[in-house]
Amino acid sequence: MIVSLSWLRQFVDITLSPAELAHRLTMAGLEVEGVWERYAYLDSVKAARVLSVAPHPDAQNLAVCTLDMGSGQPCTVVCGAPNVRLGLLSALALPGTELPGGRTVAQSAIRGVESFGMLCSAAELGTGPDKSGILELEKGAPGEKIASLLNLADTVFEIGVTPNRPDCLSLLGVAREAAAVCGAKLARPQIILPKGEGAIEEITSVTIDAPEHCPRYVARVIRNITVGPSPFWLVDRLLSVGLRPINNIVDVTNFVMMETGQPLHAFDFDLLEEGRIVVRTAQDGEKFITLDGKEKTLSSSNLMICDGKKPVALAGVMGGENSEINPNTKTVLIESAYFSPMSIRKTAKNLGYHTDASHRFERGVDPTGCSAAAARAAQLMLEVAGGVLVEGEIDANPIPWAPKEVRLSASRANAILGTGLSCGQMRALLASVELEAKTPDSDTLAVTPPGFRVDISIPEDLVEEIARLFGYDNIPVTAPMLPMEIPPPRPAMSFRKKLRNIMVNLGFFEAVNYSFVAADTPARLGLSADDPRQATLAVANPLSEDQAVMRTSLLPGLLAATGRNVNLQNRSVRLFELGKVFFARANAPLPEERFMLAAILSGEQKPVSWHEKAAPIDFYDMKGAVQALFESLKIKDVAFARPAPGQADTLLPGHCAAMLCQNKLLGILGQIRPEVCANFDLKQKAFLLEMDVEALRSITPDAVAFAPPPRFPAVLRDITLILNKSVPAEEILEKVRQMKHPWVESVWVFDVYEGKPIEKGKKSLSLRITYRADDRTLTDGEVNALHDNIGKTLLNAFGAKLP
Amino acid sequence: MDIERLKSEACGQISVAKDLDELNQASVKWLGRKGALSDLMRRIPELEPDLRRDAGQKLNALKKELEALLEEVRTRISGSALALDEGLDISLPGRPVPAGSIHPINQVMEEICDIFVQMGFDVVEGPEVELDWYNFEALNFPPDHPARDMQDTFFVSGDVVLRTHTSSLQIRTMESTPPPVKVIAPGKVYRCDSDVTHTPMFHQVEGLLVGDGISFADLKGALTLFVQKMYGPKTPIRLRPSFFPFTEPSAEVDIGCVICKGSGCRVCSGTGWLEVLGSGMVHPNVFKNVGYDSSLITGFAFGLGVERIAMLKYGVDDLRRFFENDLRFLSQF
Ligand SMILES: [Zn+2]
């Protein structure tokens, strides 16, 4: 909402500085989002005296003038005004000046003669109606600013009006607030209408067929008007609040809307068939062309203003082409109605309109203000367009407004606010915005809210009024008195926090990606058609195709982020994300939301350095990370198995694993298939880890039981086996463990080798076994015997040989 | 043969050696092939036969003792000498160990939550895809009400939305818990808006405190405490009347600009104030919708945008950086 200080001053005596007024309005709930000087554009328009006038060598109607602009350096300007003459003091707009019509003055050659700026008329400067010639200044000296010579000063405020305060979508509404914050009185414009001719009931009627959509409709008629441009004062007022003048009749409707907040519509009465108004809902499929030339197909929820035969306006939203005010209009019917906010909102939304009128109607106009606004419009139309008023108004009001008293207990208000205001103080605060309160008893304020305050219906609404008018700054600051107890942390949240910290300690950076992805993402991940991750939840109104569905995997975000990083030359990428994935459910309105942990590794395991050569990341880097994760969480017994079909479609077969614990799938890890990488614009190898956070939590022990470290020394023995390449290392380790010898503490692979001199199809695998007894130090002899025994068992079991 | 004298002289000289040169000289002098000890050894045959054995043992013991001393002093001297002149090039970079980091948004969210947890708030969470009832209607956003325009909403269907705020947790919490309630709800929220100052997904922390006799003054107290913990004890705070359907009275909360300290700058558009929070007293309709008796209890709620706070904290110039996951950005936190 844009208001100008000079317009506000018509209604309230404001002596505060614009900055102070802005501050006080803001602190009363009318947030002033911008303040600017209306005539700032005139800063580069200066008084200039004509020193010489010569005919333009190339154009009959133009003169070449030299001007004294107070700088001591005369300048040359080309001017076409009839009144340009020697000695005249006029207004020179210097190059760069932006004139109200949107034109910017440039230094340019006019028919071959360089013109330094432009001598302007009052109309061109937006300071007056006269466009017959350039401005003639009576006083002043060359170089002085026009704005100060003409006493032009006005400040414009842009106010962010919250949806609950439609009363402040008008100058009078803002003025009421300004009066309250200034401690001044509000003066309303006087409405005096001449006695009209005839009687309105004799020439027209209003029939409301849909009273729940239109509880009230006021109409007035003026005959014999002359449609034409508005007088300067009216144009000036509209321009000051950012509205475009159209013609005197339409301008008056807009002026009154800005002044009172009541949107009006003016019909060309002679274009209304049968000369009457019918308010009804549209028929499904009915077509209608609005003022802006757009044809709309209507439905039965749209309220229409009709004449005796056809729709003539989309009620509360926009008038129709078929009845609009035109240069030949002679008789005008003024509509001033109260429409149901919900009805207007639905229509405007469904048909894609947002107009000044619909904005106000959907928030709620003053149901008691229709008649006054119609009279105000009639008064002004008679003033600016002539004509003869038809006596009387039609006030169709099938559902009269029923004001409802609101009672507030002063002590309750103080309890809510933490204040100690007296009933009288509260009453005075309310009265400052025309909320007159009765005090039936010493603790009760009874307010019947006026029609313009549609937001007040319960006691708390009055509490808010008291609070904002008292000033939030004046309310004390206290500490809430509640029993102090620190609630225990939520295990699921603590667990996720722990996971994040572990991932960071493992050298991963946390990523946060949008929860929505493109609809074809599951396909781009290489998932089969029956994969559960195909069950995406679609967003009905996505901002783009890339954000059309909710993600079912964290991988797409990480892959895309990795691709971007590699393109940005961050070639080694270690990212993780912990967040939700969403699965649509056929039998429930809300999807299943599941927390997942995913990580991606790509590029080099370590950057090349003076210690060692760069090593590309491989499967075992990711496996090492996840094993460290398990170790941090004290999770034991996780099996790494070849994924079952459908478990890891995104990963390269043979280079991936499923992680299982007690036969429950925790997640998968491995190399992402190159074609999947390519689908996300990633051109290098990448390795994925994706786990279900709750599954992981379910196997994480809550408590750790301490076991004392061993008291006796360990003995290490190594053994190297030459065996078939296809034998997984885990099987050999498992074989050793299965022997369950109490002295075997652990077994570890410390070398794997293929190639010469090892025979083809074979590999050499070196194990290190730790032997320890818990009751004494083992002798060499004891260990050697056991080690030989284990070696023989392995040789037999796997058909292995010693080197 | 005066072994004792030799021992005391040799020990004295060896132990005062200041550098390896002096030590070597002492070593040669006492233990060298032509040194004093060897000299005595060579003279053993000159002794009476019954004394030879005893002398030999004593000299051998002394030799061992001196050698140990020599080694001890050598270690000491060479230790300090190494440090002085033949150490490592410690300027060479260490062997790289990857160091990750938590996303700045989650760091800030954690920090905010920690402050409220210290103030006794419980942390709750809930679905990001939400029923209209929880996101709007129960929060006193009637259907087809202009207040819904305040939040550009992503819809899944007619009555399922991507939550536009974590205020939905107010309803979910109060529906399942009798008063008093003291919770914060951190999480992701979604709005159908994308430009320099908006991303379609961002993070919020919502707070709710409901109980007997909770007042607007208490709201000011709680928020003042939070702001001062988050931004420092001298940070001024200002509440301005505003409108949210689920609170009344409602307030926007400004803090004194942390960049210019109130004198006015680009970040605060010259006002000296930064809007960081929305808040207010819980609207009676909200209580009614969760079955609380608003004549018995009052409460306040507040919500803050995590990105906004993170931008101020770190001086991040563009909101969108938080979701690009550029390692050059992430590694700074
Ligand atoms: Zn600032």
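Where only DSSP H runs of four or more residues are counted, chain B gives -12500 deg cm²/dmol as its mean residue ellipticity at 222 nm, each run worth -39500 (n - 2.57). Each Lys or Arg adds one and each Asp or Glu subtracts one; over the other residues with Cβ under 12 Å from the Cβ of A:P803, this totals 0. Taking chymotrypsin sites (Phe, Trp or Tyr not before Pro) in DSSP loop conformation with at most 10 other Cβ atoms inside 10 Å as exposed sites, chain A has its longest uninterrupted site-free stretch at A:1-609.
When chain B is treated as a Gaussian network with alpha carbon springs shorter than 10 Å, the biggest mean-square fluctuation among B:Q228, B:Q118, B:Q57 belongs to B:Q57. Fully extending the segment from A:V35 to A:D443 would add 142.8 nm, taking 0.36 nm per residue of separation and subtracting the current Cα-Cα distance. Here each label is just a point 7 Å from Cα along the line to Cβ, and for A:E274 and A:E754 those points are 9.3 nm apart. If you wrap the tightest convex hull around every Cα atom of region A:647-803 and split its volume per residue, you get 172 Å³.
In loop segments of region A:453-490 as defined by DSSP, the GluC sites (Glu not before Pro) with at most 16 further C-beta atoms inside 10 Å of their C-beta are A:E485. With every protein chain in place and a 1.4 angstrom probe, the accessible-area ranking of A:H354, A:H611, largest first, reads A:H354, A:H611.
State the answer as a single residue: which of B:P178, A:T260, A:G29 lies farthest towards the positive end of the charge dipole of the protein assembly as shown, with beta carbon charges of +1 for Lys and Arg and -1 for Asp and Glu, about the Cα centre. The residue sitting most towards the positive pole is B:P178. Against the main long axis of the alpha-carbon atoms of chain A, helix A:341-351 sits at an angle near 70°. Summing charges over all other residues whose Cβ lies under 12 Å from the Cβ of B:V306, with Lys and Arg as +1 and Asp and Glu as -1, gives -1.
Applying a DSSP loop filter and a limit of 11 other Cβ atoms within 10 Å to the trypsin sites (Lys or Arg not before Pro) in region A:183-280 leaves A:K185, A:K195.
Considering all C-alpha pairs of region A:40-149, those separated by over 21 Å amount to 26%.
In region A:200-396, if the dipole is taken from +1 on Lys/Arg beta carbons and -1 on Asp/Glu beta carbons about the Cα centre, which of A:S358, A:N247, A:L382 is farthest to the positive end? Result: A:S358. For region B:224-320, trypsin sites (Lys or Arg not before Pro) are listed when DSSP marks them as loop and at most 11 other Cβ atoms sit within 10 Å of their Cβ; the list is B:K234, B:R266. A helix-only calculation puts chain A at -7500 deg cm²/dmol for mean residue ellipticity at 222 nm, using -39500 (n - 2.57) for each DSSP H run of at least four residues, averaged over all residues. Note on region A:715-798: Lys pairs 8 or more places apart or on different chains, Cα atoms under 21 Å apart, count 12.
Under the simplified labelling scheme, the A:I699-A:Q534 pair shows an inter-label distance of 2.8 nm, with each label point 7 Å from Cα along Cα→Cβ. Computed on the Cα atoms alone, the convex hull of region A:640-692 gives a volume of 72 cubic angstrom per residue.
Extents of the protein assembly as shown, largest first, come to 159, 79, 71 Å (Cα atoms, principal axes, whole angstrom).
Of interest is the spacing of the C-alpha centroids, which for region B:183-244 and region B:286-318 amounts to 4 Å. Dipole check for chain A: with +1 at the C-beta of Lys and Arg, -1 at the C-beta of Asp and Glu, and the Cα centre as origin, the magnitude is about 3120 Debye. The angle between the Cα long axis of helix A:459-470 and the longest principal axis of the Cα atoms of chain A comes to about 80 degrees, rounded to the nearest 10. Principal-axis analysis of the Cα atoms of chain B puts helix B:3-15 at an angle of about 40° to the longest axis. Convex hull of alpha carbon positions in region B:3-85: directionally averaged projected area 5.3 nm². The largest accessible area among A:S6, A:S358, B:S176 belongs to the first residue in B:S176, A:S6, A:S358, and the rest follow in falling order (1.4 Å probe, all chains).
Note on A:D780: accessible area approximately 100 square angstrom, rounded to 10, probe 1.4 Å, nucleic acids and ligands left out. Dipole check for region A:1-94: with +1 at the C-beta of Lys and Arg, -1 at the C-beta of Asp and Glu, and the Cα centre as origin, the magnitude is about 320 Debye. Each label was represented as a point 7 Å from its Cα along the Cα-to-Cβ direction; for B:R43 and B:S78 these points are 3.3 nm apart. Taking chain B as a whole, the Cys residues whose C-beta sits 4.7 Å or farther from every other Cys C-beta are B:C11, B:C113, B:C192. Counted by Cβ distance under 14 Å from B:V210, the other residues give a net charge of -3, where Lys and Arg count +1 and Asp and Glu count -1.
Largest first, the residues A:E138, B:E248 sort by 1.4 Å accessible area into A:E138, B:E248.
Taken about its Cα centre, region B:203-333 carries a charge dipole of roughly 480 debye when the Cβ of each Lys and Arg holds +1 and the Cβ of each Asp and Glu holds -1.
Once the Cα-Cα distance is subtracted from the 0.36 nm per residue extended length, the A:M481 to A:N796 segment shows a gain of 105.7 nm. Candidates A:Y771, A:G791, A:I758 compared by Cα position along the dipole of region A:715-798: farthest toward the positive end lies A:I758, with charges placed on Cβ.
The values are calculated or read from the model by the stated rules, or taken from the named source; none is laboratory data. All figures in this text were calculated on a predicted structure; none of them were measured in a lab. Ideal geometry is used to build each Cβ from the backbone, glycine not excepted, and the neighbour counts take in all protein chains shown. Note: areas computed on protein heavy atoms with side chains; ligands, DNA, RNA excluded. Shrake-Rupley method; radii C 1.70, N 1.55, O 1.52, S 1.80 Å.
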